[in-house]
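Comments concern the structure below.
The values are calculated or read from the model by the stated rules, or taken from the named source; none is laboratory data. Just so it is clear, the structure is predicted and the values come from calculations on it, not from any experiment. FYI the Cβ positions are ideal-geometry reconstructions off the backbone, even for glycines, and counts take in every protein chain you see. Areas reflect the complete protein model, heavy atoms only, side chains present, ligands, DNA and RNA absent. Shrake-Rupley method; radii C 1.70, N 1.55, O 1.52, S 1.80 Å.
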Amino acid sequence: MDQREGSPKAEGLLVTGTIRSSHGLDGFVKVESASGEVDHFAGLAEVWLRPASGDRDRLRRVEIEAVEGSTALLLVKFRGVDGPEAARKLAGSEILVPRDKACPLEEGEFYVCDLCQCVLVYDGVPIGTITGVMEGGADDLLEVILTDGGDPDSSGPKKRLVPLRKEFVGKIDIEARTVELMHRWILE
């Protein structure tokens with residue numbers, strides 16, 4: 001496996017998938033796409049792997065030999081990973097790519113990393129910071145830490161979930177790093 005020096009910082013890369021397990025005898029791995037789309041994998045010549053455990057800041061660049069399958073079963077073969085034992089060691093690793101190699105966005109879509117650390121505003125007033133996005137059944141949920149201090153019933157800050165739906169979230173301005181909240185009551 002090619003492990004070139006000078007790996008970039010993870011902040012400059014986007015997670016495009018996660019290796020779930022080995023597949024077969026030739027070193028293929030099963031990959032779960034982070035976006036649910038897999039077409040962009042066919043155009044990748046190399047990616048960065050971030051291990052599931054250990055030193056997660058240590059990225060290693062690997063070349064891709066083959067991409068096969070579909071959304072239901074995406075298989076990837078990395079150069080130098082030639083058997084099930086080597087492939088099994090990669091389970092849980094995240095696959096990272098530069099932004100220009102990630103799955104293209106459709107209108108109204110955003111990368112999770114772009115939404116994180118955006119300021120949630122209501123009537124132009126900052127009321128919280130988005131710290132993450134989680135899947136919530138039918139809709140994604142914005143994880144928000146409110147700026148008005150700690151929760152009296154706990155030792156930490158007030159955390160809320162806001163459905164990422166047009167009824168609750170208005171204008172999203174990635175350049176200004178702001179997300180508009182349509183109804184304050186959703187935070188109560």
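Summary table
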{"read-out": "Extension gain from Arg79 to Arg165, taking 0.36 nm per residue of separation minus the Cα-Cα distance", "value": "26.8 nm"}
{"read-out": "Among Leu142, Trp48, Gly17 - extreme Cα towards positive end, dipole of the chain, charges at beta-carbon", "value": "Trp48"}
{"read-out": "Extreme residue, positive dipole direction of the chain, given options Ala87, Pro98, Val38 (C-beta unit charges)", "value": "Ala87"}
{"read-out": "For Leu74, residues with placed amide H under 5 Å, excluding near neighbours", "value": "Val31"}
{"read-out": "Probe 1.4 Å, accessible area per residue of region 71-188, Å²", "value": "59"}
{"read-out": "From the C-alpha gyration tensor of region 78-144, square roots of 5λ in Å", "value": "35, 14, 12"}
{"read-out": "Cα-centre dipole for the chain with unit charges at Cβ (Lys and Arg positive, Asp and Glu negative), debye to 20", "value": "520"}
{"read-out": "Portion, in percent, of the accessible area of region 106-188 that falls on carbon or sulfur, probe 1.4 Å", "value": "50"}
{"read-out": "Euclidean distance between Cα centres, region 37-66 to region 94-122, Å", "value": "18"}
{"read-out": "Among [x] 42, 20, 11; [y] 37, 17, 15; [z] 24, 23, 19, the entry derived from the coordinates for semi-axes √(5λ) of the Cα gyration tensor in Å", "value": "[y]"}
{"read-out": "Gyration tensor (alpha-carbon) shape descriptor, region 10-49, a/c threshold 1.5", "value": "prolate"}
{"read-out": "Carbon plus sulfur fraction of accessible area for region 21-85, probe 1.4 Å, in percent", "value": "44"}
{"read-out": "Per-pair calculated FRET efficiency, R0 = 22 Å: Glu32 and Ala66 via Cβ, rounded to 0.05", "value": "0.80"}
